[in-house]
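The values are calculated or read from the model by the stated rules, or taken from the named source; none is laboratory data. These figures come from a predicted structure and were not determined experimentally. Using ideal geometry, Cβ is built from the backbone for each residue, glycine included, and neighbour counts are taken over all protein chains shown.
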Amino acid sequence: MGGGVTLQDVRNGDQAMTTDLPAVGIPVRLPTDQGGAGDGPLEAIDELFDEIVEMVGRAGARPVPLAADLRGLGSCDAFVVPGGGDVDPALYGGPAADPSLSGVSAAQDRLDLAVIRFALQHRRPVLGICRGMQLLNVVHGGTLHVDLAESAVVHHLPPAGPFEFAVHDVRLVEGTRCAASYGFRPGIPVTSGHHQAVDRVAPGLRAAATAADGLVEALESTDPEAWAVGVQWHPETESTDAHLRLPLFLALAEAARSHGRAQERSG
């Protein structure tokens, strides 16, 4: 996987030599209320968490798993909020009894929302991935599609055997942090596995990427001083083109370092 802090380092607590690196908090994945697993089997969600840890380390930052007690939250310079089960529609005024819902977890919603709100309140960089992007929109007052209708773009492969991602292209919006992270390319192929998505973009956010069917694929803050970015795809997974896995994590790590330097100056 290359250099940087590894998943084994995190599991061993062996980070004594990395305390000078910016700390990136990652809320852990918790059991669901329904026994389902949202947009992928629980094992796949756990693997994605591990891959996020690896990518944060490769980007030159120190991954810090955050449990439900939020211990260590205040010491983090930035955050990644991973994917997982469905967001509870009660959080954005959606239909509570939709039969498509799966993997809903009140505990996971509380943890992820607490991390996002802390990041926004304290102006610390935050990257939301898939469900994390959806929650970023919900926190700002936006809404979600509870279950996407079929379109010309396949966002989620039907369950059949081991979980697999769909692959499709997105258009990056010029002038956004998201586009800058990818070297100002007009578009990129992405790996996708979701049946929920952003519907109404919240005030304070703007679309940073779209799919060919018009679906919002990335969001970011309209505040030029705030590094708050969400992507509907999974840049962390090995299913993503190798040269497209790291850019967002590198951008987040640099934003985290900038936050750390600002803290030192103010201290």
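To keep it simple, each residue is scored yes or no on (1) at pLDDT below 95; (2) under 17 Å from the mean Cα position of the chain (by Cα).
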site	(1), (2)
Leu127	no, yes
Ala149	yes, no
Pro159	yes, no
Ala179	no, yes
Ile188	no, no
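Considering only residues in segment 161-177 that are small (Gly, Ala, Ser) and at pLDDT 85 or above, the one that is surrounded by the most Cβ atoms within 10 Å (Cβ to Cβ) turns out to be Ala166. Only one entry of Glu217, Glu238 meets the criterion of being surrounded by fewer than 16 Cβ atoms within 10 Å (Cβ to Cβ), under 16 Å from the mean Cα position of the chain (by Cα) and among the charged types (D, E, K, R), and that entry is Glu238.
Looking at segment 53-80, which of its residues are under 23 Å from Gln121 (Cβ atoms) and in contact (Cβ under 8 Å) with a residue 60 or more places away in the chain?
Answer for segment 53-80, where residues must be under 23 Å from Gln121 (Cβ atoms) and in contact (Cβ under 8 Å) with a residue 60 or more places away in the chain: Val56, Ala61, Asp77, Ala78, Val80.
Scanning segment 128-136 for any residue that is within 20 Å of Leu219 (Cα to Cα) and in a loop (DSSP other than H, G, I, E, B) turns up at least one such residue.
Residues in segment 180-190 that are loosely packed, with under 14 Cβ neighbours inside 10 Å and part of a strand (DSSP E or B): Pro189 alone. Within segment 191-233, the residues that satisfy the criterion of being over 26 Å from Ser102 (Cβ atoms), charged (D, E, K, R) and either out of contact with any strand residue (DSSP E or B) (no Cβ under 7 Å at 6 or more places or on another chain) or in a loop (DSSP other than H, G, I, E, B) (or both) are Asp223, Glu225. Taking Gly142 as the residue in question, decide whether it is assigned to a loop (DSSP other than H, G, I, E, B) and either surrounded by 19 or more Cβ atoms within 10 Å (Cβ to Cβ) or out of contact with any His (no Cβ under 7 Å at 6 or more places or on another chain) (or both). Criteria met by Gly142. The set of residues in segment 129-147 being at pLDDT below 95 and of a type in the set (A, V, I, L, M) consists of Val146 alone. Of Leu248, Leu215, all but one fail to be more than 22 Å from His122 (Cβ to Cβ) and not acidic (Asp, Glu); the exception is Leu215.
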